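**Q** Structure incoming, see below.
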Amino acid sequence: MNPTEAAAFDHLATPMLWLDGQGAIRDCNAAFSSWLSVGKRRLQGVGIDQLDHEHPRLHDLCRQCLQPEERMHALRVQLRFAEQRERFADAIVVREAEGWRIEWHPRAEFDGSDPALALPAALSVALKGLAHELRNPLAGLKGAAQLLQKKTQEQPQSQALVTLIENEVVRLTQLIDQFMHPAPPKAQAPLNIHGVLETVRQLADAEAGWSVKLVRDYDPSLPEVIGDADRLTQAVLNLVRNALQSGAGEVVLRTRADHQVQIADRLSRLAIRVEIADNGRGVPEDLQEQIFLPLVSGRAEGTGLGLPLALQIAREHQGSLSFRSRPGHTVFTLLLPVPEENA
């Protein structure tokens, strides 16, 4: 690789690594060095096995790539160097004349298990049965509240309490309706993701007021994606509301382009990455593995339906939703593939 090529790769946001024929690190770009938090010079000559936390996984992948430009894919590879913390990424191993090139696509440390597998079908049926059984008591509460309202017309304090009961009954009924009868997806069409984000920003700004700073960090060169604007607005709004309710003082809406992205079992040449970052309390550690499951919430007043719905909408668009979180820094990442003709 000549100096001109090396300089070009250093401008890439995608971490890149080059190995010689024996599997030792020959070079890397600035993005890889920064992601791993290790200087280039320190990495040169280091065997790939010293980075591979699941040795010999990467070694075996390289040995399977023998023909020029042949490539292998690996999901959720664990890397660790010396005393550094573990990193997780999807890897694309490509055979080159002098060895191998590995492209890394970092993913969240805590993207959780697949709720479709983690939540047994029997539990799903039980939850729907419970929702059905709650309808009659809620109807009775609503009728009782209406009778109380007539009998307490001369008592303002009692009227306020009755109104509170009615409002909560309406809210719970709406939640049950959403759970029992989710809206069918509409036909998808080309859309600009920034139009979705601007709608969400305006809604969130009206809810948060002056107490939270909403920051836009957009890449204006991004192409259109195919999707349902209303559904994507709902998904992103759920993520932003979570950030607002976490005690954050600042929420950042960020967009970037990712190349050669592995989403589930599909490799996309180009994908749009939407990040919702906040400086709030973060996701409680004991909930991080279950946060995408229905009815799981870190707040007493939370419904536990916002994140599962956002995940469902991401999958409707052949995308993915993941997160990383610690107190003071939480980032939810929505990946949306770009159609080949636009990529």
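The values are calculated or read from the model by the stated rules, or taken from the named source; none is laboratory data. Given the structure is predicted, the values throughout are model-derived calculations rather than measurements. Positions of Cβ are generated from backbone atoms using ideal geometry, with glycine treated the same way; all protein chains shown enter the neighbour counts. Heavy atoms of the whole protein, side chains included, go into the accessibility calculation; ligands, DNA and RNA do not. Shrake-Rupley method; radii C 1.70, N 1.55, O 1.52, S 1.80 Å.
**Q** Kindly indicate which of Leu61, Leu66 is out of contact with any Gly (no Cβ under 9 Å at 6 or more places or on another chain) and open to solvent by 70 Å² or more (accessible area, probe 1.4 Å). Show your work before the answer.
**A** On the way: Leu61 fails: open to solvent by 70 Å² or more (accessible area, probe 1.4 Å).
Just a single option satisfies the conditions, and that option is Leu66.
**Q** On to the next question. Name the single residue, out of those in the stretch 320-333 being out of contact with any Lys or Arg (no Cβ under 7 Å at 6 or more places or on another chain) and open to solvent by less than 10 Å² (accessible area, probe 1.4 Å), that is nearest to Val261 (Cα to Cα). Don't jump to the end; show me each part of the working.
**A** Of the residues in the stretch 320-333, the ones out of contact with any Lys or Arg (no Cβ under 7 Å at 6 or more places or on another chain) are 320-321, 323-326, 328-330, 332.
Filter once more, keeping what is open to solvent by less than 10 Å² (accessible area, probe 1.4 Å): 323, 330.
On the way: Phe323: 16, Thr330: 22 Å.
Once the filter is applied, the top-ranked residue is Phe323.
**Q** Where in the stretch 1-82 are there helices (runs of 4 or more DSSP H), lying fully within it, with 3 or more residues that are closer than 14 Å to Glu103 by Cβ?
**A** Passing ranges, in order: 30-36, 57-64.
**Q** Here are some residues: Leu147, Leu119, Leu130, Leu134. Which one is out of contact with any strand residue (DSSP E or B) (no Cβ under 9 Å at 6 or more places or on another chain), farther than 20 Å from Ile291 by Cα, of a type in the set (A, V, I, L, M) and modelled with pLDDT under 75? First the steps, then the outcome.
**A** Numbers: Leu147 fails: modelled with pLDDT under 75; Leu119 fails: farther than 20 Å from Ile291 by Cα; Leu134 fails: modelled with pLDDT under 75.
Within the list Leu147, Leu119, Leu130, Leu134, the selection yields Leu130.
**Q** Here is a follow-up. Within the stretch 237-261, how many residues are closer than 18 Å to Leu321 by Cβ, touching a strand residue (DSSP E or B) at 6+ places or on another chain (Cβ under 7 Å) and surrounded by 23 or more Cβ atoms within 10 Å (Cβ to Cβ)?
**A** Final tally of qualifying residues: 6.
**Q** Separate question: Report, by residue number, each residue of the stretch 95-114 that is at pLDDT 85 or above and over 14 Å from Gln262 (Cβ atoms).
**A** Passing the criteria: Arg95, Glu96, Gly99, Trp100, Arg101.
**Q** Residues that are in a strand (DSSP E or B) and open to solvent by 40 Å² or more (accessible area, probe 1.4 Å): does the stretch 87-98 have at least one?
**A** Residues of the stretch 87-98 that are in a strand (DSSP E or B), as a first pass: 87-96.
Okay, now just the ones that are also open to solvent by 40 Å² or more (accessible area, probe 1.4 Å), so 95-96.
Checking the stretch 87-98: at least one residue is in a strand (DSSP E or B) and open to solvent by 40 Å² or more (accessible area, probe 1.4 Å).
**Q** Additional query: Scan the stretch 189-236 residue by residue and report those that are over 13 Å from Glu275 (Cα atoms) and among the acidic types (Asp, Glu).
**A** Glu198, Asp205, Glu207, Glu224, Asp228, Asp230
**Q** What is the one condition in (1) touching a helix residue (DSSP H, G or I) at 6+ places or on another chain (Cβ under 9 Å); (2) free of Cβ contacts under 8 Å to residues at least 40 places away in the same chain; (3) open to solvent by 20 Å² or more (accessible area, probe 1.4 Å) that Gln234 does not satisfy?
**A** With (1) touching a helix residue (DSSP H, G or I) at 6+ places or on another chain (Cβ under 9 Å); (2) free of Cβ contacts under 8 Å to residues at least 40 places away in the same chain; (3) open to solvent by 20 Å² or more (accessible area, probe 1.4 Å) applied to Gln234, the lone miss is (2).
**Q** Among what's in the stretch 40-58 and is over 17 Å from Cys28 (Cβ atoms) and not acidic (Asp, Glu), pick the residue that is most open to solvent (accessible area, probe 1.4 Å).
**A** The initial filter retains those residues of the stretch 40-58 that are over 17 Å from Cys28 (Cβ atoms), namely 53-57.
Now narrow it down to the ones that are not acidic (Asp, Glu): 53, 55-57.
Numbers: His53: 87, His55: 104, Pro56: 54, Arg57: 73 Å².
If we take residues in the stretch 40-58 being over 17 Å from Cys28 (Cβ atoms) and not acidic (Asp, Glu), then His55 is most open to solvent (accessible area, probe 1.4 Å).
**Q** Cβ-Cβ under 6 Å, sequence separation 6+ or interchain: first residue in the stretch 150-168 and under 21 Å from Leu138 (Cβ atoms), partner in a helix (DSSP H, G or I). Which pairs?
**A** Thr152/Ser158; Thr152/Gln159; Val162/Ala145; Val162/Leu148; Val162/Gln149; Ile165/Ala145; Glu166/Ala145
**Q** If you scan the stretch 262-282, which residues turn out to be open to solvent by less than 30 Å² (accessible area, probe 1.4 Å) and aliphatic (A, V, I, L, M)?
**A** Ile263, Leu270, Ala271, Ile272, Val274, Ile276, Ala277
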